[in-house]
1. Could you check the range 107-131 and list, in sequence order, the residues that are on the phi > 0 side of the Ramachandran plot and surrounded by 22 or more Cβ atoms within 10 Å (Cβ to Cβ)?
2. For residue 40, indicate whether it is farther than 26 Å from residue 242 by Cα, more than 16 Å from ligand 1 (Cβ to nearest atom), assigned to a strand (DSSP E or B) and modelled with pLDDT of 95 or more.
3. Among (1) surrounded by fewer than 22 Cβ atoms within 10 Å (Cβ to Cβ); (2) in contact (Cβ under 8 Å) with a residue 40 or more places away in the chain, there is one condition residue 75 misses while meeting the rest; what is its number?
4. Can you tell me which condition residue 124 does not meet? The list is (1) free of Cβ contacts under 8 Å to residues at least 60 places away in the same chain; (2) more than 14 Å from ligand 2 (Cβ to nearest atom); (3) within 28 Å of residue 216 (Cβ to Cβ), and all the others hold.
5. Tell me, which helices (runs of 4 or more DSSP H) lie completely within the range 138-223 with 2 or more residues that are touching a strand residue (DSSP E or B) at 6+ places or on another chain (Cβ under 6 Å) and more than 10 Å from ligand 1 (Cβ to nearest atom)?
6. I'd like to know if the range 73-84 contains one or more residues that are more than 12 Å from ligand 1 (Cβ to nearest atom), under 27 Å from residue 170 (Cα atoms) and within 21 Å of the chain's Cα centre (by Cα).
7. Only residues that are without any contact (Cβ under 8 Å) to a residue 60 or more places away in the chain and within 15 Å of residue 185 (Cβ to Cβ): list them for the range 92-120, please.
Ligand SMILES: O=C(O)c1ccc[n+]([C@@H]2O[C@H](COP(=O)([O-])O)[C@@H](O)[C@H]2O)c1
Ligand SMILES: Cc1cc2nc[nH]c2cc1C
C-alpha cells in the first residue's frame with residue numbers, strides 16, 4: 001500500500017456508514033398487507049414471508065424482486081496456521097480458491113444449480129493466484145505472536161468488500177451471498193466471536209474443517225494466547241479485525257456494509273461469514289437490517305452469533321463447509337417465495353372472504 005492510499009483509507013468506509021439508514025416501514029407494511037391478501041392461510045409461509053417483508057424494508061418497495069443473484073467468495077490465508085490449528089496445510093487455500101474458476105468447488109456447483117453468478121476474490125492468499133487480485137498481503141501475520149494485520153490493512157480489507165458490493169449492485173445484482181475460503185479461518189472467527197460476545201474461548205471454538213480432540217485443545221490455547229496478548233477493544237470492530245481477524249473476514253464485513261449502503265440484502269453463510277457480520281454490526285449497528293440469514297453452521301458459536309445479531313437461521317442441516325454454500329442454498333427458497341408473493345391470486349380475486357372477515 002502506498003503512503004498516499006494509507007492516508008485516504010477510511011474515507012469510503014465513513015461515507016458508506018453514512019448511507020446506511022433504517023428500513024422503510026411503510027414498504028414493509030405494504031408487503032405484509034399483500035401477503036395477508038393472498039389466498040392461503042395467514043402467515044402460512046412463515047419465515048419466508050418475513051424475509052420478503054424485511055427485503056421490502058431494505059429496498060423501500062413492496063415489489064420485491066430478487067432478480068440477479070451473486071456469491072462473493074473472499075479467499076485469504078491466515079498466519080496463525082503455523083501454530084498447527086488446522087487439519088490441512090495452508091497451500092489448500094490457493095488450490096481450492098483457483099478451483100472456483102473452473103467451477104470445481106461445492107459452492108460453484110451450487111451457484112450453477114441456483115442460477116447465481118460467482119465472484120471469487122484473492123484478498124490475501126499466500127501465493128499469487130489467477131483470481132481477481134485484491135490481495136492486501138500474502139496472508140496475515142501469526143496472531144499468536146503479533147497483530148494479524150495493521151489497522152490500515154483492516155480498513156483496506158473492509159473497503160475492498162464495500163467496493164465489490166457496490167460494483168455488483170451497479171451491475172444490477174439485487175441480492176448478494178457471502179462466502180470465504182481460507183485454511184485457519186475458523187480460528188480467527190472464534191477469536192473475533194469470543195472477543196465481541198465476551199464469551200469463553202472454549203465455548204466459541206469448534207473443530208473447523210475437522211480437527212482431532214488434541215488439536216482442538218491447542219487451537220483453544222492459541223486463541224486464548226492471542227486475545228490475552230493483544231487485548232482487542234470489543235467496542236472497536238476494526239481493532240478486533242486487525243488484532244485477531246483475517247482479510248476474508250474484513251472483506252465480508254465490507255460486503256455487508258456495501259450491500260446495506262446500496263439497499264440490497266446480503267446473506268450470511270456459516271460461522272466465518274457470521275463472525276464477519278458481527279464485525280460489520282459492531283462498526284455500524286444499522287447494517288443488521290440488511291442481513292438475511294441462511295443456515296446454522298455446525299460450529300458451536302454460530303447460534304450465539306445469530307442470537308447476538310437478533311436473527312434466526314432458515315435452514316438447519318448441520319453443514320460446515322463454508323464457501324457460501326449455505327447462503328446459496330436459500331436462493332431457490334427465496335425465488336419460490338417471490339413467485340408465490342407475485343403470482344398467487346388474492347382472496348378477492350378468487351371470490352372468497354379473507355381470513356380476517358371470516359372471524
Ligand atoms: O462456514 C462454516 O461454518 C465453516 C465451518 C468449518 C469450516 N469451514 C471451512 O473450512 C475452512 C476453515 O477450517 P479450519 O479448520 O482450517 O479453520 C475454511 O475454508 C472454511 O470455508 C467453514
Ligand atoms: C478441501 C477443502 C475445501 C474447502 N472448502 C472450504 N473450506 C475447505 C477446506 C478444505 C480442506
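1. 124 - this is the single residue of the range 107-131 that is on the phi > 0 side of the Ramachandran plot and surrounded by 22 or more Cβ atoms within 10 Å (Cβ to Cβ).
2. Numbers: farther than 26 Å from residue 242 by Cα: yes; more than 16 Å from ligand 1 (Cβ to nearest atom): yes; assigned to a strand (DSSP E or B): no; modelled with pLDDT of 95 or more: yes.
So residue 40 does not fit the description; no.
3. So residue 75 meets the others, but not (1).
4. (1)
5. Working: elements: 151-170, 185-197, 201-204.
Those helices (runs of 4 or more DSSP H) span 151-170.
6. Step one: of the range 73-84, the residues more than 12 Å from ligand 1 (Cβ to nearest atom) are 79, 82.
Then drop every residue that is not under 27 Å from residue 170 (Cα atoms), which leaves none.
No, that holds for no residue.
7. Selection gives 94 alone.
Per-residue answers, yes or no, for (1) surrounded by fewer than 21 Cβ atoms within 10 Å (Cβ to Cβ); (2) in contact (Cβ under 8 Å) with a residue 40 or more places away in the chain; (3) out of contact with any helix residue (DSSP H, G or I) (no Cβ under 8 Å at 6 or more places or on another chain):
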residue: 26; (1), (2), (3): yes, no, yes
residue: 33; (1), (2), (3): yes, no, yes
residue: 47; (1), (2), (3): yes, yes, yes
residue: 52; (1), (2), (3): no, yes, no
residue: 66; (1), (2), (3): yes, yes, no
residue: 84; (1), (2), (3): yes, yes, no
residue: 87; (1), (2), (3): yes, yes, no
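The values are calculated or read from the model by the stated rules, or taken from the named source; none is laboratory data. Everything numeric here is computed off the predicted structure, so don't read it as measured data. All Cβ positions, glycine included, derive from the backbone under ideal geometry; neighbour counts span all protein chains shown.
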